Amino acid sequence: MLRKKFRGNNIVPNRSKARGFTLVEVIVVVAILGLASLALYPLILNSLETRSLDSEARKILSTLERTKFRAVKAKLNHRLHFYQQQGQWYYQVEIEETADNWQPVTGEVTQAIPAKFNVTINLPNQWIEFSPLGIVLNYDPQRNSIVLQSERLQQAGQPDVRRIWVYQGGSIRFVKEESGG
């Protein structure tokens, strides 16, 4: 019940009851937020894993394309060379300065593929070699892909494989798929 005070000619309601949230209301809201975050946590982790897998595959894809364009521009054979060192996969862009004399390209940094991904390099001699015409010189129709796979996404039942196909004419294709698919 509001009591009315008289202040001059105006009637002003007396608001003696403080407005705000009770401790119980705050605890209920915090509990709801906690439950929602627990429910969403796996989704957030899977989303981050998907982005990481896509990002790594696209880095390889863009490096392949850049290597092809470098070969065409420089009019010299270039290759993207994959190698494993202490259980981790790396790749670097190399140029053929003289016959069978490959050197890392100046300005290109060797890249590491995160160890959390399973990597399958299905290429002849573990590299892709581009001619000055942009075609693949070491093409083998049975061995022309790079595969990255995430065990975390596989366990979550999500598309866990990123496959990069390289074709003889120099075209490159990126595909998302599920294991076994």
- Task: Provide the FRET efficiency to the nearest 0.05 for the LEU40-ALA99 pair, computing r from the beta carbons and using R0 = 41 Å.
- Result: 0.10
- Note on the structure: Taking a crude spin-label model, label points 7 Å out from Cα along the C-beta direction, the LEU133 to VAL24 distance in nm is 8.2
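Pairs of alpha-carbon atoms within less than 8 angstrom and 6+ residues apart define the contacts here; what relative contact order does the stretch 23-100 have, in percent?
Working: 40 pairs, mean separation 13.3, N = 78.
Contact order relative to length: 17 percent.
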- In nm, the gap between the two label points placed 7 Å beyond Cα toward Cβ at VAL175 and ASP54 is 1.9
- Item | Listed values [x] 0.96; [y] 1.45; [z] 1.15, entry calculated as Rg/Rh (Cα atoms, Kirkwood Rh) | [y]
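At 0.36 nm per residue, minus the direct Cα-Cα distance, what do ASN118 and GLN142 gain on full extension? Give it in nm, one decimal, please. Mind dumping the intermediate values first?
Values: separation 24, 0.36 × 24 = 8.64 nm, distance 2.01 nm.
Computed gain between ASN118 and GLN142 is 6.6 nm.
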- Any chymotrypsin sites (Phe, Trp or Tyr not before Pro) in the stretch 21-83 that lie in a DSSP loop and have at most 15 other Cβ atoms within 10 Å would be PHE21
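Counting other C-beta atoms within 10 Å, and keeping those with at most 15, which DSSP coil trypsin sites (Lys or Arg not before Pro) do you find in the stretch 42-105? Please list the in-between numbers first.
On the way: sites: ARG51, ARG58, LYS59, ARG66, LYS68, ARG70, LYS73, LYS75, ARG79; in loops: LYS75.
Those satisfying the criteria are LYS75.
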- Message: Which one, ASP100, ASP54, ASP160, has the greatest fluctuation when you compute a Gaussian network model over the chain with C-alpha springs under 10 angstrom?
- Response: ASP100
- Query: Relative contact order, percent, of the chain when contacts are C-alpha pairs under 8 Å separated by at least 6 residues?
  - Reply: 17
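Show me the trypsin sites (Lys or Arg not before Pro) within the stretch 86-164 that DSSP assigns to loop and that have at most 16 other Cβ atoms within 10 Å of their Cβ.
Working: sites: LYS116, ARG143, ARG152, ARG162, ARG163; in loops: LYS116, ARG143.
The qualifying sites are LYS116, ARG143.
Counting only protein heavy atoms and a 1.4 Å probe, tell me what percentage of the chain's accessible area is made up of carbon and sulfur.
Working: 6550 of 11970 Å².
Of the solvent-accessible surface of the chain, carbon and sulfur hold 55 percent.
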- Note on the structure: To the nearest 10 degrees, the tilt of helix 23-74 (Cα long axis) against the first principal axis of the alpha carbons of the chain is 20
- Task: Using only Cα atoms, locate the centre of the stretch 95-116 and the centre of the stretch 19-63, then give the distance between them in Å, rounded to an integer.
- Result: 38
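The values are calculated or read from the model by the stated rules, or taken from the named source; none is laboratory data. As the structure is a computational prediction, the values presented were derived from the model and not from experiment. Counting neighbours? That spans all protein chains shown, and the Cβs are built from the backbone with ideal geometry, glycine included. When the accessible area is computed, the model is the full protein with side chains, heavy atoms only, and any ligands, DNA or RNA have been set aside. Shrake-Rupley method; radii C 1.70, N 1.55, O 1.52, S 1.80 Å.
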